[in-house]
Amino acid sequence: MATKTVNVHEAKTHLSRLLEDVARGEEVVLAKAGKPCAKLVPFAPNQEPRQPGLIHGVLGDEFFDPLPEEELAAWEGRG
């Protein structure tokens, strides 16, 4: 699958053409001041609906314990 990079101004000017490219399977990276900031990719809806409740077995009580400080910091972007 080909990937091309376009700046935001070009993307705004040629959005319809870029969407046609994406519909054909191409990925388009949008850049602002030369720095990639987003990607247009073909839309692929989930083929199978998600099924809730697929955890097998029993969760122990430790599942509900607070996270250790270093793991909590990583989840919060402080780590």
Does segment 52-75 include one or more residues that are at pLDDT 85 or above, within 16 Å of the chain's Cα centre (by Cα) and of a type outside the set (D, E, K, R)? no
Exactly one of Ala38, Ala31 is in contact with a Leu (Cβ under 7 Å, 6 or more places away or on another chain) and surrounded by 10 or more Cβ atoms within 10 Å (Cβ to Cβ), and that one is Ala38
If we ask which residues in segment 38-79 are more than 30 Å from Leu19 (Cβ to Cβ) and outside any loop (DSSP other than H, G, I, E, B), their number turns out to be 11
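The values are calculated or read from the model by the stated rules, or taken from the named source; none is laboratory data. Treat the numbers as computed from the prediction; the structure is a model and nothing was measured. Every residue, glycine as well, gets a Cβ built from its backbone with ideal geometry; the counts of neighbours run over all protein chains shown.
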